[in-house]
Amino acid sequence: MNGYLGLNLSAEPTERGAVLTATGGAAQVPMLRGLGFIGVLSLGAHHQTHHLALATGQNPH
């Protein structure tokens, strides 16, 4: 997903899970603010395949 729609994504593990950081240029700021965390996670065509795999007991990773 890094680079999709001009976004730079990085994830860092923490003691309680992980932190996802999404950055981009000035053109991406309104999109990031509007989408929020859950919206960013739903971007891209991989999302549907991911949930189908989970629903059928497969490992999507």
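Among the residues of the range 11-35, which ones are within 16 Å of Met1 (Cα to Cα) and either hydroxyl-bearing (Ser, Thr, Tyr) or in a helix (DSSP H, G or I) (or both)?
Listed by number, the residues that qualify are Thr21, Thr23, Gln28, Met31, Leu32, Leu35.
Just to be sure, is Ala22 more than 10 Å from the chain's Cα centre (by Cα) and not polar (S, T, N, Q)?
Considered against the rule, which asks whether it is more than 10 Å from the chain's Cα centre (by Cα) and not polar (S, T, N, Q), Ala22 comes out as no.
Specify which of the listed residues (Gly3, Gly57, Gly36, Gly24) is at pLDDT below 95 and surrounded by 12 or more Cβ atoms within 10 Å (Cβ to Cβ).
Of the residues listed, the single one that is at pLDDT below 95 and surrounded by 12 or more Cβ atoms within 10 Å (Cβ to Cβ) is Gly24.
How many residues does the range 36-61 contain that are of a type outside the set (Gly, Ala, Ser) and assigned to a loop (DSSP other than H, G, I, E, B)?
6
The values are calculated or read from the model by the stated rules, or taken from the named source; none is laboratory data. Values in this document were obtained by computation on a predicted structure and should not be read as measured data. Positions of Cβ are generated from backbone atoms using ideal geometry, with glycine treated the same way; all protein chains shown enter the neighbour counts.
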